[in-house]
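One structure is given here, and the rest of the page talks about it.
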Amino acid sequence: TLSGKTAVVTGSTSGIGLAYARAFAGAGANIVINGFGAPADIEKERSAIEKDFGVKAVHSPADMTKPEEIAEMIALGEKTYGSVDILVNNAGVQFVSPIEEFPIDKWNMIIAINLSSAFHSIRAAVPGMKKRGWGRIINTASAHSLVASPFKSAYVSAKHGIAGLTKAVALELATHKITANCISPGYVWTPLVEKQIPDTMKARGMTKEQVINDVMLDAQPTKEFVTVEQVAALALFLCGDDAAQITGANLSIDGGWTAA
Ligand code: NAD
């Protein structure tokens, strides 16, 4: 049980992050959700967490490109609940382009959101975790932290980077009962994936079914999408006592993608 603990999940107004937040709440943790969206939609998700699981949930509007707002998000968790025990760095964006045309601002944005934000949040959360002698840091990496795909230079760089950051942090915190791991999903059915379909249909002259089966699931030997609930269940396991000796690991949940 995570009762009495607080989890901060970045990018949790949608997709995998929302599933993490609901899984931790289901185990009794109070939650700081974070991410963008229409205020009414965010409020709906926030209040549903409280109502469905009988815990507290607050929303931090912190923009993961802004170091001072990231520090404020951690401070909000500590101020509201007294601690931040579980930190999940999950906010992420994608942009697909040949490298010679890759917009410089998109490169900077992807490195900021998908990599540097985790540095800033870990930096802010570790002092409290050390003081209390317990912590769980989980970073959503990707199959692209282990292998590459063309036209995703910024995303692949950021995801390889976060796998390295996770290892360094795990070693630094190893004797403090704080673990740091990354979870590396293959294709998970979320808005991030759904939004890539129209562009890929256009770029490759394919139907939606062809994009799903011949492009996306082509990489995934099981030929099935991972579900957000499966990813969240792995994160929940990492928060338990049985996972106390799992640290510095990069855990694949990719239908066999990176085995190939
Ligand atoms: P999603 O688009 O459903 O959710 C992304 C979340 O990040 C949203 O809550 C969004 O508001 C938030 N976000 C975006 N920019 C932000 C910013 N600047 N500041 C704060 N929040 C911001 O995507 P998802 O598929 O759930 O992806 C979540 C994570 O999982 C990402 O890191 C992604 O790279 C990773 N991932 C996804 C897949 C997949 O197939 N969906 C596979 C591997 C890894």
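For segment 194-206, state whether one or more residues are within 15 Å of the ligand (Cβ to nearest atom) and closer than 16 Å to residue 10 by Cβ.
no
Listed residues 175, 166, 140, 190; which is touching a Cys at 6+ places or on another chain (Cβ under 8 Å) and either over 19 Å from residue 236 (Cβ atoms) or within 9 Å of the ligand (Cβ to nearest atom) (or both)? Spell out the reasoning first.
Details: 175 fails: touching a Cys at 6+ places or on another chain (Cβ under 8 Å); 166 fails: either over 19 Å from residue 236 (Cβ atoms) or within 9 Å of the ligand (Cβ to nearest atom) (or both); 190 fails: touching a Cys at 6+ places or on another chain (Cβ under 8 Å).
So the residue among 175, 166, 140, 190 that is touching a Cys at 6+ places or on another chain (Cβ under 8 Å) and either over 19 Å from residue 236 (Cβ atoms) or within 9 Å of the ligand (Cβ to nearest atom) (or both) is 140.
Just checking, how many residues over segment 13-36 are buried (at least 16 other Cβ atoms within 10 Å of the Cβ) and not in a helix (DSSP H, G or I)?
10
Among the residues of segment 73-130, write down those that are of a type in the set (S, T, N, Q) and under 16 Å from the mean Cα position of the chain (by Cα). Lay out the reasoning, then the answer.
The first filter runs over segment 73-130 and keeps only residues of a type in the set (S, T, N, Q), leaving 80, 83, 89-90, 94, 97, 108, 114, 116-117, 121.
Residues satisfying the conditions are 89, 90, 94, 114, 116, 117, 121.
Return the only residue of 86, 110 being within 12 Å of the ligand (Cβ to nearest atom), out of contact with any His (no Cβ under 7 Å at 6 or more places or on another chain), in contact (Cβ under 8 Å) with a residue 12 or more places away in the chain and not acidic (Asp, Glu).
Details: 86 fails: within 12 Å of the ligand (Cβ to nearest atom).
Unique residue meeting the criteria: 110.
Any residue in segment 225-238 that is free of Cβ contacts under 8 Å to residues at least 24 places away in the same chain sitting within a Cβ distance under 6 Å of a residue that is away from the ligand (no atom under 12 Å from the Cβ)? List the pairs, counting only those 6 or more apart or interchain.
Filtered contacts from segment 225-238: 237/243.
Mind checking which residues of segment 97-132 are part of a loop (DSSP other than H, G, I, E, B) and crowded, with 16+ Cβ neighbours inside 10 Å?
To start, the set of residues in segment 97-132 that are part of a loop (DSSP other than H, G, I, E, B) comprises 97-98, 102-103.
Listed by number, the list holds a single entry, 102.
Only residues that are closer than 22 Å to residue 71 by Cα, assigned to a helix (DSSP H, G or I) and touching a residue at least 24 places away in the same chain (Cβ under 8 Å): list them for segment 37-51, please.
42
For segment 66-96, give me the residue count where each residue is among the polar types (S, T, N, Q), buried (at least 18 other Cβ atoms within 10 Å of the Cβ) and assigned to a loop (DSSP other than H, G, I, E, B).
From segment 66-96, those among the polar types (S, T, N, Q) are 80, 83, 89-90, 94; that's our starting set.
The next check asks that each one be buried (at least 18 other Cβ atoms within 10 Å of the Cβ); those that pass are 83, 89-90.
Imposing the further condition that a residue be assigned to a loop (DSSP other than H, G, I, E, B) reduces the set to 83, 90.
Counting residues in segment 66-96 that are among the polar types (S, T, N, Q), buried (at least 18 other Cβ atoms within 10 Å of the Cβ) and assigned to a loop (DSSP other than H, G, I, E, B) gives 2.
Can you pull out the residues in segment 133-142 that are surrounded by fewer than 20 Cβ atoms within 10 Å (Cβ to Cβ) and at negative phi? Can you show your working first?
In the first step, residues of segment 133-142 are kept if they are surrounded by fewer than 20 Cβ atoms within 10 Å (Cβ to Cβ); the result is 133-134.
Selection gives 134 alone.
Go through segment 122-164 and count every residue that is among the small types (Gly, Ala, Ser) and more than 20 Å from residue 184 (Cβ to Cβ).
5
Is there a residue being outside any helix (DSSP H, G or I), within 10 Å of the ligand (Cβ to nearest atom), of a type in the set (Gly, Ala, Ser) and crowded, with 23+ Cβ neighbours inside 10 Å anywhere in segment 144-160? Reasoning before the result, please.
Of all residues in segment 144-160, those outside any helix (DSSP H, G or I) come to 146-152.
Remaining after also requiring within 10 Å of the ligand (Cβ to nearest atom): none.
No: segment 144-160 contains no residue that is outside any helix (DSSP H, G or I), within 10 Å of the ligand (Cβ to nearest atom), of a type in the set (Gly, Ala, Ser) and crowded, with 23+ Cβ neighbours inside 10 Å.
Which pairs have Cβ atoms under 8 Å, sit 6 or more apart or on different chains, and link a residue in segment 158-186 that is within 18 Å of residue 20 (Cβ to Cβ) and in contact (Cβ under 8 Å) with a residue 24 or more places away in the chain to one that is polar (S, T, N, Q) and assigned to a loop (DSSP other than H, G, I, E, B)?
Final answer for the pair search is 159/142; 179/247; 180/247; 181/247; 184/142; 185/142; 186/220.
Of these, 202, 223, which one is in a loop (DSSP other than H, G, I, E, B) and at pLDDT below 95? Let's see the steps before the verdict.
Numbers: 202 fails: in a loop (DSSP other than H, G, I, E, B).
Exactly one residue qualifies, and that residue is 223.
The values are calculated or read from the model by the stated rules, or taken from the named source; none is laboratory data. Model, not experiment: these values are computed from the prediction. A quick note on method: Cβ atoms are made from the backbone with ideal geometry, for glycine too, and the neighbour counts reach across all protein chains shown.
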